[in-house]
Amino acid sequence: MSPDENEVTSLNTIAVFENSGERFAEAVAGAFTGASGDVAVNPCGRQGSAGRDNIVRDIIIVSPGYSGVLRGKCRALLAPDECAAAAFSAQNVITYGFSPRATLTLSAAGAESGWLAVQRELVTLSGVTVEEQELEIPMLSGADASLAAAGGRLLLGLTGDSGS
């Protein structure tokens, strides 16, 4: 018996598409350490496959500048605002970056924390609507990784720095 696509299971799977040696997935994964429930963050190399094509991932995150082939199925695609992801099958597409078109952007950033601006409503994997707002987030090894990690946490319904 397969789980309903809208059911959030105890193991949330996140695939991160990154260029070889980029370490974007490693930076993003740090934001899920200690999260309630289990979160598996798996890097995907330049081949662009998030594992077997018949597996629907909860979230696929694309790093900025990713130059590989994009293909796969997911419940939510979190991609840079300039990304062309025509080969994806996603129920929900959320963009991040520094343009007015991006769903998620930074309104302010410091060395240890920043302010995530949710510029358009988005829907979490459990169906909760997240309204336009600003949220304080921890800054990771780069602004893009911070945005992607914060977006992934929002989609999973995780709030605060500690994963509560």
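A few comments on the model shown:
- Normalised contact order of the range 11-155, rounded percent, pairs of Cα under 8 Å and 6 or more residues apart: 20 percent
- Contact order for the range 80-142, expressed relative to its length and based on alpha carbon pairs under 8 Å spaced 6+ residues apart, stands at 23 percent.
- Distance between the pseudo-spin-label points of E112 and I55 (7 Å out from Cα toward the beta carbon): 3.7 nm.
- Near S113, the amide H atoms lying under 5 Å from its own belong to M139; only residues 5 or more places off or on other chains count, and H is placed 1.01 Å from N.
- Relative packing of peptides 136-147, 115-126 - highest average C-beta neighbours within 10 Å first: 136-147, 115-126
- Gain on full extension, evaluated as 0.36 nm per residue between R101 and E131 minus their Cα-Cα distance, stands at 9.2 nm.
Read the figures in this text as sums done on the coordinates, not as results from a lab. In this text, all values refer to a predicted model and were calculated from it rather than measured experimentally. So basically every Cβ, Gly included, is an ideal-geometry build from the backbone, and we count neighbours across all protein chains shown.
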